[in-house]
Number of protein chains: 2
Amino acid sequence: MAKRLTQQDIARMAGVSQATVSLVLNNRTDGGVRIAPETRARVLEVIRRTGYVANPIARRLHDQRNRILGVFTYEAVFPSTRADFYQPFLEGIEEQAEVAGCDLLLFTSAKATEGKRRIFSDDSRIRLADGCVLLGRSIDRDDLAQLVAEAIPFVSIGRRDDAGGPVPHIGADYRAAVRDLVDRSVALGHRRFAYVGAGTGAESSADRLRGFKQAVAAHGVEGTHVQFAGLGQLLDAGITAVLAEEVSDGAALVLAARQRGLSVPGDLSVLTLGAATRPAPDDIGLTGFRIPRREMGRRAVQALTEVLEHGTTPQELLACEFVEGTTLGPRRAQG
Amino acid sequence: MAKRLTQQDIARMAGVSQATVSLVLNNRTDGGVRIAPETRARVLEVIRRTGYVANPIARRLHDQRNRILGVFTYEAVFPSTRADFYQPFLEGIEEQAEVAGCDLLLFTSAKATEGKRRIFSDDSRIRLADGCVLLGRSIDRDDLAQLVAEAIPFVSIGRRDDAGGPVPHIGADYRAAVRDLVDRSVALGHRRFAYVGAGTGAESSADRLRGFKQAVAAHGVEGTHVQFAGLGQLLDAGITAVLAEEVSDGAALVLAARQRGLSVPGDLSVLTLGAATRPAPDDIGLTGFRIPRREMGRRAVQALTEVLEHGTTPQELLACEFVEGTTLGPRRAQG
DNA sequence: TCAAGATGCTAATTCGAATTATTACAGGGT
DNA sequence: ACCCTGTAATAATTCGAATTAGCATCTTGA
């Protein structure tokens, strides 16, 4: 197989030294470096002819930066079961990477152990890239702590609690978004709420539940939290508005209610909080909010650029947009 | 920022040389390498205490391999408009890359010129990877020729004509697939066929048309080729079976026929040849064949591995699977 | 007791590119 | 002839780990 070209090869062809090639390549004119125009032209011509590109590995070894940004996901990126979830983030990431003139490295080599990938295994390749975007609902806390401890440049998509230090992230402002939904519902007369979903574990779940609790407290209305949706139980408790963390749970509630001959939103309002770990029907028109996934991807790459250039620790929550839908209505005047 | 530990540091702490640390780390026992058990233990203890991990960059520099496979597409990968097309290929690519223990590099830095990316522009980063998979309906012929000329390890997804030499590729066997459709149709009594579509330009189009022509010739039946579908014109010509290159064209024909009060496949059989450059409705149940996209992605990565290891030029066409559908039926006995 | 062989480790080199220090050589002034 | 200055290029070193050749030191056996 044709061996890969090195600067030494280019140098030989152009009749100069390897150092000269490097200087020409990097367009160095500072620090008393001078290259005669004709020499420069000769070297550039050889480079053009051969299509030579500096070995990123060697480059990275010497200094920092090879214009490669890593993307780490805890599951495979492409399988269509995951596509709906990852896709919008990746769109934003790709878009901004193109703007930044960087290539994207997908860490597919990280072998899955017990179904989950780990960043730090026997042979972590994370440092191949200049920096890294982390994607996934929940991220291993040990991995996160090690990233922070080793000062590896990275940005998490999704807010993360401290892990031995602040974790740079671009998240969605679930607290504000959930509060907004409660506000709207209260304005429509609702006084008894239920939050259906985990509400714990991943930061995104915790944030939603926190927003819910803040909002019901602020309005002085009733709000309960249950892990799973039991329609009868909710109705018995006199609840008129349900906030379902998972989209599929929200959809299931709407269908169950209608099967009982109830009207949504006439008898019960159902709101969804956008979590999508399971596929859900999309023809129900659930009221809720849109997670700015694409924008989060874009901002994450921008933030990573800042980390790389200034060593900062950006943390930002992006606003979610209200989605009108058809499942929120005024509370029915009750007997 | 705490500087990263090196083997030299570990060596100092354990009172041995850097070489010894390397030998212990790689568990080398071959080629007359011997390390006393207690020395080994001492080094391992220091490694354990410090949490040292070998710098992958330095490691790759030495190995001449960076275990990075490139993926080049002429359009952005992730935008959802393209998702249906690229997705299955990428699934296969990712799957096999994981098996091979390689990471995937998406060439997002290749700026688009006139809406199309080019592999070889000012500053091609194609050589960042060990090898490269090319994806896209049509690939710039100059790019292709240069890849061949420079002996850059790559594999095209989709058959390609020679470009200054044979082009390594994993394609779909469109000729066989189209012949099969004609065979089935002839068996059902059809004698007058039309091929609707480009039939030229990209290799994939040419292969389909070639299969069509071979089949009608073999059966001694009538077969015409038109670029665009005019339903009336087809019916006037007494055609009873249409093969539409584009799925969307096939779907349009079915809808147009039914709008005229005709039955498909009662009055006209419509077959599709799987090209999907435009979105098409998927609820029509067109008869045709399935392009093994995922498998092609997998095989392409395998083939690339072979190219890298043995410098071969693999060329392979994978079989397409017949899809029953509802738009092919026996020719109606005509007055 | 001394060569032969086994054992345990290290010095030195390699990979490819970036950078610094240094050399080589021209022409100008005295 | 000599020094100085500017210009143009190169030699040598660096990064971190892997590898090979080779140097000590210690056992054996005759």
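The values are calculated or read from the model by the stated rules, or taken from the named source; none is laboratory data. Note that this is a predicted model, so its numbers are computed, not measured. So basically every Cβ, Gly included, is an ideal-geometry build from the backbone, and we count neighbours across all protein chains shown. Side chains are part of the model used for accessible areas, which takes the heavy atoms of the whole protein and leaves out ligands, DNA and RNA. Shrake-Rupley method; radii C 1.70, N 1.55, O 1.52, S 1.80 Å.
I'm trying to understand the selection: among the residues of region B:61-75, which are more than 9 Å from DNA strand C (Cβ to nearest atom) and either of a type in the set (D, E, K, R) or in a helix (DSSP H, G or I) (or both)?
B:Arg65, B:Arg67, B:Glu75
Residues that are among the acidic types (Asp, Glu), at least 2 per element: which strands (runs of 3 or more DSSP E) completely within region B:164-246 meet that?
Strands (runs of 3 or more DSSP E) meeting the threshold: B:241-246.
Condition first: crowded, with 19+ Cβ neighbours inside 10 Å and out of contact with any strand residue (DSSP E or B) (no Cβ under 9 Å at 6 or more places or on another chain). Now tell me which residues in region A:168-185 satisfy that.
A:Arg179
For region B:232-255, which residues satisfy the criterion of being aliphatic (A, V, I, L, M) and surrounded by fewer than 18 Cβ atoms within 10 Å (Cβ to Cβ)?
Residues satisfying the conditions are B:Leu235, B:Ala237, B:Leu255.
Being within 11 Å of DNA strand C (Cβ to nearest atom), at pLDDT 90 or above and under 29 Å from A:Thr305 (Cβ atoms) is true for just one of A:Leu23, A:Leu44. Which residue is that?
Answer to the selection: A:Leu23.
Inspect region B:214-230 for any residue being touching a residue at least 40 places away in the same chain (Cβ under 8 Å) and buried (at least 23 other Cβ atoms within 10 Å of the Cβ) and give the result as yes or no.
Checking region B:214-230: not a single residue is touching a residue at least 40 places away in the same chain (Cβ under 8 Å) and buried (at least 23 other Cβ atoms within 10 Å of the Cβ).
Please specify each residue of region A:291-322 satisfying the condition of being touching a helix residue (DSSP H, G or I) at 6+ places or on another chain (Cβ under 9 Å) and either more than 29 Å from A:Pro153 (Cα to Cα) or small (Gly, Ala, Ser) (or both).
Selection gives A:Gly297, A:Ala300, A:Ala319, A:Glu321, A:Phe322.
Please enumerate the residues belonging to region B:154-167 that are of a type outside the set (Gly, Ala, Ser) and surrounded by fewer than 24 Cβ atoms within 10 Å (Cβ to Cβ).
Answer for region B:154-167, where residues must be of a type outside the set (Gly, Ala, Ser) and surrounded by fewer than 24 Cβ atoms within 10 Å (Cβ to Cβ): B:Arg159, B:Arg160, B:Asp161, B:Asp162, B:Pro166, B:Val167.
With respect to the numbered conditions (1) in contact with a Gly (Cβ under 9 Å, 6 or more places away or on another chain); (2) surrounded by 19 or more Cβ atoms within 10 Å (Cβ to Cβ), which one is the sole condition not fulfilled by A:Gly211?
So A:Gly211 meets the others, but not (1).
For region B:261-334, which strands (runs of 3 or more DSSP E) that fit wholly inside it have 3 or more residues that are open to solvent by less than 80 Å² (accessible area, probe 1.4 Å) and within 23 Å of B:Ser204 (Cβ to Cβ)?
B:269-275, B:315-318
Please specify each residue of region A:25-77 satisfying the condition of being facing chain B (nearest Cβ under 10 Å), within 25 Å of A:Arg12 (Cβ to Cβ) and in contact with a Ser or Thr (Cβ under 9 Å, 6 or more places away or on another chain).
A:Gly51, A:Tyr52, A:Val53, A:Ala54, A:Asn55, A:Ala58
Tell me yes or no: at least one residue of region B:278-296 is of a type outside the set (D, E, K, R) and over 26 Å from B:Arg179 (Cα atoms).
Within region B:278-296, not a single residue is of a type outside the set (D, E, K, R) and over 26 Å from B:Arg179 (Cα atoms).
Here is a check on your reading of the model: is B:Ala151 small (Gly, Ala, Ser) and in the same structural domain as B:Thr305 (by TED's automatic domain parsing)?
So B:Ala151 passes the test.
Spot the failing condition for A:Ala151; the list is (1) within 14 Å of another protein chain (Cβ to nearest Cβ); (2) at pLDDT 95 or above; (3) open to solvent by 10 Å² or more (accessible area, probe 1.4 Å), and only one is missed.
(2)
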